[in-house]
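Just dropping this structure here.
Every number here is computed from the coordinates shown, using simple stated rules; none is lab data. From a predicted model like this one, the values you see are computed outputs, not experimental measurements. Counting neighbours? That spans all protein chains shown, and the Cβs are built from the backbone with ideal geometry, glycine included.
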Amino acid sequence: MTPFAVAFDLDGTLIDNNQFHFITWQEFYRKRNRELTMEEYKACFNGRTMTDCVKYVFQQPDMSAQEIEQYTNEKESLYREIYAAHIKPIPGLLTLLELLNQAQIPMVIATSGIQDNIDFLFSHIPIKRYFKRVIKGSDITHGKPHPEMYQLAAKELGLPAGKCIAFEDATVGIASAGGAGMKVIALTTTHTPEELAGADWIVKDYEGIRMEQLLQLFSH
């Protein structure tokens, strides 16, 4: 019997990149003679789909798919250009992935991100082999904090959500995974521990995480 399964968010969870997303959105705003604060970024952008972000930026809930794609490509191509020289896994990630793999723990990625950014990750950090599937923003109707993303992740993992762990960095991601019924481990890459209080366990990175600690999440 598989004791549990794991879903990883991508941005801020596999790679510590949200500062670079923030810088890119700031540049996107500057081109339009606007300013973006970190507070607004955390509240309205982090963890959300690009469709939701673009609609928020322009305050146009009925924006066409063509316009959304145009603005998404503008922002994300600039992000990849800025971040390419800096990309690396969060400390301890590779060790944890191998630990889970050796224990035959099923894993997926559940990200609000787009395919080009997923490909960008895998081209720089060769970890694709560890995951059964990558669930992305275009696979769902309702973005985080709605639980749909992690409900789909649990279905893909083949276990009830209550037997799954989600690794997250965003408050909307914690709400999404928790709403689906998963245990949530939050990384402090983007938010303070106080802001991540809804998680079951809060960590700085993956260094030193052991199998027995993960199993203990299900003993309460």
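Taking the Cα centre of region 108-181 as origin and charging only Cβ (+1 Lys, Arg; -1 Asp, Glu), how large is the dipole, in debye to the nearest 20?
So the magnitude is around 280 debye.
Using only the alpha-carbon atoms, what does region 18-83 span along each of its principal axes? Please give whole angstrom values in decreasing order.
Extents along the principal axes, in whole Å: 28, 25, 24.
Taking the chain as a Gaussian network, where each spring joins two C-alpha atoms under 10 Å apart, which residue of Glu194, Glu98, Glu168 fluctuates the most?
Glu194
If I build a Gaussian network model for the chain, linking alpha-carbon pairs within less than 10 angstrom, which residue out of Ala166, Ala43, Ala65 has the largest mean-square fluctuation?
Result: Ala65 has the largest fluctuation of those listed.
Could I ask something else about it? Determine the sum of side-chain charges near Gln115: Lys and Arg each +1, Asp and Glu each -1, restricted to other residues whose C-beta is under 11 angstrom from that of Gln115.
-3
Turning to a different aspect of this structure: GNM on the chain, C-alpha springs below 10 Å: top fluctuator among Arg210, Arg32, Arg133?
For the chain, modelled as a Gaussian network with Cα springs under 10 Å, the answer is Arg32.
Pairs of lysine in region 24-151 with Cα under 16 Å and at least 8 positions apart or on different chains: total?
Lysine pairs meeting the criterion: 7.
Quick one: work out the % antiparallel among DSSP beta bridges in the chain, nearest 5.
Taking every DSSP beta bridge with both residues in the chain, the antiparallel ones total about 5 percent.
Can you compute log10 of I(q)/I(0) for the chain with the Debye formula, treating each Cα as one identical point scatterer, at q = 0.09, 0.12, 0.14, 0.17 Å⁻¹?
Once normalised to I(0) and log-transformed, intensities are -0.33, -0.60, -0.82, -1.22.
Assigning unit charges at the beta carbon (Lys, Arg +1; Asp, Glu -1) and nothing else, what dipole magnitude in debye, to the nearest 20, does region 18-83 show about its Cα centre?
For this selection, approximately 140 debye.
How do Cys53, Cys44 line up, fewest other C-beta atoms within 10 Å first?
Lowest to highest Cβ neighbour count: Cys44, Cys53.
Using r as the Cβ-Cβ distance of Ser77 and Leu99, and R0 as 35 Å, what FRET efficiency do you calculate, to the nearest 0.05?
So, using R0 = 35 Å, E works out to roughly 0.50.
Taking neighbour Cβ counts within 10 Å as the exposure measure, how do Lys55, Lys128 sort from fewest upward?
The most exposed by this proxy come first: Lys128, Lys55.
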